[in-house]
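See below for the structure under consideration.
The values are calculated or read from the model by the stated rules, or taken from the named source; none is laboratory data. All values reported here derive from a predicted model rather than from experimental measurement. Because the Cβ atoms are built from the backbone with ideal geometry, glycine has one as well, and the counts that use them run over all protein chains shown.
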Amino acid sequence: MSRILIVEDEVAIADLEKDYLELSGFEVEIENDGRRGLDRALKEDFDLYILDLMLPEVDGFEICRQIRENKNTPILMVSAKKDDIDKIRGLGLGADDYVTKPFSPSELVARVKAHLARYERLISSNAPENDIVEIRGIRIDKTARRVWVNGEEKQFTTKEFDLLTFLAENPNHVFTKEELFREIWDMESIGDIATVTVHIKKIREKIEMNTNKPQYIETIWGVGYRFKL
Ligand code: CA
């Protein structure tokens, strides 16, 4: 649920805004003076701020400026005077929207929703994407360490996962068992190249339709293995 902070000294207006926003499913907090409002805006995490311009202690200009120095959260400025809105724009304080009093509460709600939706899209487009390797129906999510074969998730042990990923990331390249052992198991590992054979067998059981006729990991007799492109 999105949390909204309203900083507004006119209690009736603040309550009206709160009622409408709560009816739309938002969680709303109110502060009636600028000092408290600024304090909470900086210390707590809200998803959107609605700031009145003329406030006791600290005005809306200053609150907007300080929030913007610290956060990208959407800010909606509310003012009684059209002139003030031009002033906010002119100051380039980084407010996202401006509403003049009197305004219709449903219009305020619509604007809040639009800004939250836009901000969510912005955040999700900046989120780092998982590192994915995809070859012919096999999808390996390296970040989440998960594997899907034709859409069905399969469970792999750590080494099986590492070996499959290494081969899939270097398709069409023949590796000897020694090379694979060195690559996947560190030098101090107990074991030998037979371990590689065992792991390849396990991987094939999970990814191949017919383990006797592997379509993904081929055995190159006398040499090693190759992930078919
Ligand atoms: Ca005011």
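Do the conditions hold for residue 139, that is, is it among the basic types (Lys, Arg) and either in contact with a Phe, Trp or Tyr (Cβ under 6 Å, 6 or more places away or on another chain) or at pLDDT below 90 (or both)?
Answer is yes for this residue.
Of all residues in the range 35-45, which are away from the ligand (no atom under 14 Å from the Cβ) and touching a helix residue (DSSP H, G or I) at 6+ places or on another chain (Cβ under 8 Å)?
Answer for the range 35-45, where residues must be away from the ligand (no atom under 14 Å from the Cβ) and touching a helix residue (DSSP H, G or I) at 6+ places or on another chain (Cβ under 8 Å): 38, 41, 42.
Is there any pair with a first residue in the range 97-123 that is touching a residue at least 40 places away in the same chain (Cβ under 8 Å) and a second that is part of a helix (DSSP H, G or I) and surrounded by fewer than 17 Cβ atoms within 10 Å (Cβ to Cβ) whose Cβ atoms are under 6 Å apart and which are 6 or more apart or on different chains, and what are they?
What qualifies is 105/16.
What pairs can you find where one residue is in the range 200-229 and at pLDDT below 95 and hydroxyl-bearing (Ser, Thr, Tyr), the other is surrounded by 13 or more Cβ atoms within 10 Å (Cβ to Cβ) and assigned to a helix (DSSP H, G or I), and their Cβ atoms are less than 6 Å apart, with a gap of 6+ or different chains?
These pairs meet every condition: 211/204.
Filter the range 1-33 for residues that are charged (D, E, K, R) and within 16 Å of the ligand (Cβ to nearest atom) and give the result.
Listed by number, the residues that qualify are 8, 9, 10, 15, 17, 18, 31, 33.
Test of understanding: among 181, 161, which residue is touching a helix residue (DSSP H, G or I) at 6+ places or on another chain (Cβ under 6 Å) and of a type in the set (Phe, Trp, Tyr)?
After applying the criteria, what remains is 181.
Of the residues in the range 46-70, how many are in contact (Cβ under 8 Å) with a residue 24 or more places away in the chain and away from the ligand (no atom under 16 Å from the Cβ)?
8
With of a type outside the set (Gly, Ala, Ser) and farther than 25 Å from residue 24 by Cα as the only criterion, which of 75, 50, 63 stands out?
Of the residues listed, the single one that is of a type outside the set (Gly, Ala, Ser) and farther than 25 Å from residue 24 by Cα is 63.
For the range 177-188, which residues satisfy the criterion of being crowded, with 18+ Cβ neighbours inside 10 Å and modelled with pLDDT of 90 or more?
180, 181, 184
Any idea how many residues of the range 71-88 are under 28 Å from residue 1 (Cβ atoms) and either away from the ligand (no atom under 16 Å from the Cβ) or among the β-branched types (Val, Ile, Thr) (or both)?
Total satisfying the criteria: 6.
Quickly run through the range 120-136 and pick out the residues that are in contact with a strand residue (DSSP E or B) (Cβ under 9 Å, 6 or more places away or on another chain) and modelled with pLDDT of 90 or more.
The answer is 132, 133, 134, 135.
Residues to consider are 94, 151, 191; find the one that is modelled with pLDDT under 90, within 26 Å of the chain's Cα centre (by Cα) and either on the phi > 0 side of the Ramachandran plot or surrounded by 15 or more Cβ atoms within 10 Å (Cβ to Cβ) (or both).
Within the list 94, 151, 191, the selection yields 94.
Would you point out which residue out of 156, 161 is crowded, with 17+ Cβ neighbours inside 10 Å, at pLDDT 95 or above, under 20 Å from residue 229 (Cα atoms) and not charged (D, E, K, R)?
161
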